[in-house]
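What follows is a short report on a single structure.
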Amino acid sequence: MTGERRSIYLTTPIYYVNDKPHIGHAYTSLAADVLARWHRMSGHDVHFLTGTDEHGQKVEKAAEARGMDPQLFTDTVSQSFRELAVRMNYSNDDFIRTSEERHKRACAALWQRLEANGEIYLGHYEGWYAVRDEAFYGPDEIMEKDGQKFAPTGAPVEWVREPSYFFRLSQWQEKLLAFYEANPDFIAPQTRRNEVMSFVKSGLTDLSISRTSFKWGVKVPGDEAHVMYVWLDALTNYITALGYPSETEALWRFWPADVHFVGKDILRFHAIYWPAFLMAAGLPTPRRVFAHGWWTNEGQKISKSLGNVIDPLALIDEFGLDPVRFFLLREVPFGQDGDFQRKALVGRLNGELADALGNLANRTLSLIQRNCEGTLPAPVAAPTEADTAFLTATGHADAAGSPAWLVEKVDALLNEQKFDAALTLIFTSIREANGYITREQPWALKKTDLARMRDVLRHLHDALRVFATVLRPFMPETMEKLLDQLAVPAGARDLAALTTPLPEGVALPPPSPLFQKIQDAAA
Ligand code: ME8
């Protein structure tokens, strides 16, 4: 939006293909999608990556349980994540699968580089492992219940004893702490940064990075009895997708990543192991890892055994895609845990989308259609005090000028991944616009002061154009529809175009409702 064009790289976690996607997976990718769309609309060069994590014991076991060959099984489940991306209207530039050849090449290259740098040695692992988390746990982290041993995450653990290669993570403790100090924005939100730092301060041990007790993984170069630890394999996806090990490839311009979006459950892997691997390999470290919170369903933990897993596709079928996209980012401050409540979804959809935004657009556009021959009027008189107050409140720097501050504020908030705050700000402006239309009553002016009515409608049209533009990344389809109804040309829908007013006399198509209200007995 301002300043020079930058290359921006945004990623989601690559999801395990042990089961079909649910609302949590949809949520992380949605956040990345909105930011990708915003940056593109600001004129930046964006690469947005998502995909699937296909190796490891967890996936191997899921395939076994269904009596399927792991490759065939992952082909099927990976496809359901691809379909989710299409149904959620994500604008990802690539979809990576860790069973692809390009990825195996990148993993081997990274391994060899770490080995050449003296960061890897062969030893023996003996300790606890949780297949569900694909993570090793120290003896002091283990809890016992009814004779069963568990990780702090609640995942059952098993005792593993096998030959293993190790990464010298213990040597990186001080360097990691110095890195966090030098890069205060690397881990967000701040509370999570403190957690990671105290974990690192408490001491790091060398990390087992290969397994020998199963086969479904990337083979260790030069020692095929070992497959790589699935997290070393998985994290590498972020550079595979940019052409690593060829650092001269065009896509390499996107490294380091601007934001790795992750859930809080996998922050440690991204904030500790990943920068350590990269520093050890002599590669630049990502700029930020943002760990968002955890969704529950009507107050309960989401779990298959409770049978309360929220299927994003069912939600889309019931409420429409854009209301679901809007709700997920509007309802809960990004970074905090959130509870999914149907009642809240219906309330937001009816109150904010249908009433506040939908009605405003419909009333304004219907009045223009009926009373201005369906063409865009130009302001005639100098703005009144009420007009100036309204235009300023809805983001215009001045009554005649550009919608500077709203766009700049939304930009600043989105650069900190404050999606909810950006939406709150936009909807506060929309409420101002509703106040203005109620006070000015253009429908009454049509009998008393036609020129004034035209001016009021024009100001409302300008405000609606700003709202539709800044909301485009959140609700792409519906906001395109609104921009069509506002007669904003396809080439004038980015942020820079907002400074150029639409010419007088543009023909507007007949308006139609943007959102359907929900009459919800279940809410
Ligand atoms: O961890 N609320 O994959 P995964 C919010 N393959 N977000 C949720 C959620 C919930 N209830 N449930 C899941 C893995 N998520 C690894 C990642 S990356 C190199 C490898 C989201 O399929 C959230 O983003 O278990 C979480 O981090 C991710 O799904 C875990 O997906």
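The values are calculated or read from the model by the stated rules, or taken from the named source; none is laboratory data. Fair warning: this is a prediction, and the values are worked out from it, not measured in the lab. Cβ atoms come from the backbone with ideal geometry, glycine included; neighbour counts cover every protein chain shown. With ligands, DNA and RNA removed, areas are computed over all heavy atoms of the protein, side chains included. Shrake-Rupley method; radii C 1.70, N 1.55, O 1.52, S 1.80 Å.
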* Failed criterion for P510 (all others in (1) open to solvent by 20 Å² or more (accessible area, probe 1.4 Å); (2) within 19 Å of T375 (Cα to Cα); (3) without any contact (Cβ under 8 Å) to a residue 40 or more places away in the chain hold) -> (3)
* Which listed residue is closer than 16 Å to L423 by Cα and touching a Pro at 6+ places or on another chain (Cβ under 7 Å), from G347, G358, G351 -> G358
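Restricting attention to the stretch 228-257, and to residues there that are more than 16 Å from the ligand (Cβ to nearest atom) and open to solvent by less than 20 Å² (accessible area, probe 1.4 Å), which single residue is nearest to S99 (Cα to Cα)? Reasoning before the result, please.
Initially, the stretch 228-257 is screened for residues more than 16 Å from the ligand (Cβ to nearest atom), giving 243, 245-254.
Going one step further and asking which of them are open to solvent by less than 20 Å² (accessible area, probe 1.4 Å), we end up with 243, 254.
Details: G243: 15, F254: 23 Å.
Restricting to residues being more than 16 Å from the ligand (Cβ to nearest atom) and open to solvent by less than 20 Å² (accessible area, probe 1.4 Å), the top hit is G243.
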* To do: Run down G222, G203 and say which single residue is more than 21 Å from E174 (Cβ to Cβ), surrounded by fewer than 24 Cβ atoms within 10 Å (Cβ to Cβ) and either more than 16 Å from the ligand (Cβ to nearest atom) or among the hydrophobic types (A, V, I, L, M, F, W, C) (or both).
  => G222
* Asked: Inside the stretch 137-166, can you point out the residues that are closer than 25 Å to M228 by Cβ, surrounded by 17 or more Cβ atoms within 10 Å (Cβ to Cβ) and out of contact with any Ser or Thr (no Cβ under 8 Å at 6 or more places or on another chain)?
  -> Y137, A151, V157
* Residues (more than 8 Å from the ligand (Cβ to nearest atom), among the aromatic types (F, W, Y) and farther than 15 Å from D494 by Cα) located in the stretch 1-50 -> Y9, F48
* **strands (runs of 3 or more DSSP E) contained entirely in the stretch 89-197, each with at least 1 residues that are under 19 Å from F269 (Cβ atoms) and in contact with a helix residue (DSSP H, G or I) (Cβ under 9 Å, 6 or more places away or on another chain)** => 94-97, 120-130, 135-137, 158-167
* Asked: Restricting the first residue to the stretch 417-446 and requiring it to be without any contact (Cβ under 8 Å) to a residue 40 or more places away in the chain, which pairs with a second residue that is charged (D, E, K, R) and surrounded by 15 or more Cβ atoms within 10 Å (Cβ to Cβ) meet a Cβ separation below 7 Å and a spacing of at least six or different chains?
  -> L425/K409; L445/R452
* helices (runs of 4 or more DSSP H) wholly inside the stretch 289-359 that include at least 2 residues being open to solvent by less than 10 Å² (accessible area, probe 1.4 Å) and either under 25 Å from R268 (Cβ atoms) or within 15 Å of the ligand (Cβ to nearest atom) (or both) -> 321-331
* Structure fact -> Among (1) among the polar types (S, T, N, Q); (2) farther than 30 Å from T212 by Cα; (3) within 14 Å of the ligand (Cβ to nearest atom), T98 falls short only on (2)
* Do you know which residues across the stretch 43-62 are touching a residue at least 60 places away in the same chain (Cβ under 8 Å) and in a helix (DSSP H, G or I)? -> Q57, K58, V59, E60, K61
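Return the residues of the stretch 250-266 that are more than 20 Å from Y15 (Cα to Cα), part of a loop (DSSP other than H, G, I, E, B) and either among the small types (G, A, S) or under 18 Å from the mean Cα position of the chain (by Cα) (or both); say none if nothing qualifies. Lay out the reasoning, then the answer.
At the first step, the residues of the stretch 250-266 found to be more than 20 Å from Y15 (Cα to Cα) are 250-256.
Okay, now just the ones that are also part of a loop (DSSP other than H, G, I, E, B), so 255-256.
P256 - this is the single residue of the stretch 250-266 that is more than 20 Å from Y15 (Cα to Cα), part of a loop (DSSP other than H, G, I, E, B) and either among the small types (G, A, S) or under 18 Å from the mean Cα position of the chain (by Cα) (or both).
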* List the number of the failed condition for D265; all other conditions in (1) open to solvent by 30 Å² or more (accessible area, probe 1.4 Å); (2) away from the ligand (no atom under 16 Å from the Cβ) hold. => (2)
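Yes/no per residue for (1) out of contact with any helix residue (DSSP H, G or I) (no Cβ under 9 Å at 6 or more places or on another chain); (2) within 30 Å of T191 (Cβ to Cβ); (3) among the basic types (K, R):
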| residue | (1), (2), (3) |
| --- | --- |
| V332 | no, yes, no |
| D337 | no, yes, no |
| L357 | no, no, no |
| A361 | no, no, no |
| R370 | no, no, yes |
| G374 | no, no, no |
* To do: Consider P275 carefully, then state whether it is away from the ligand (no atom under 11 Å from the Cβ) and either under 20 Å from T191 (Cβ atoms) or in a strand (DSSP E or B) (or both).
  => yes
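Take the conditions in contact (Cβ under 8 Å) with a residue 40 or more places away in the chain, within 30 Å of S213 (Cβ to Cβ), open to solvent by 40 Å² or more (accessible area, probe 1.4 Å) and among the polar types (S, T, N, Q) and apply them to Q112. Does it pass? Explain how you work it out, then say what you get.
On the way: in contact (Cβ under 8 Å) with a residue 40 or more places away in the chain: yes; within 30 Å of S213 (Cβ to Cβ): yes; open to solvent by 40 Å² or more (accessible area, probe 1.4 Å): yes; among the polar types (S, T, N, Q): yes.
Spelling it out, Q112 is indeed in contact (Cβ under 8 Å) with a residue 40 or more places away in the chain, within 30 Å of S213 (Cβ to Cβ), open to solvent by 40 Å² or more (accessible area, probe 1.4 Å) and among the polar types (S, T, N, Q).
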* To do: Would you mention how many residues in the stretch 485-505 are at pLDDT below 95 and of a type in the set (V, I, T)?
  => 2
* Could you tell me which numbered condition R37 fails, if it satisfies all but one of (1) modelled with pLDDT of 95 or more; (2) over 28 Å from G293 (Cα atoms); (3) surrounded by fewer than 21 Cβ atoms within 10 Å (Cβ to Cβ)? => (2)
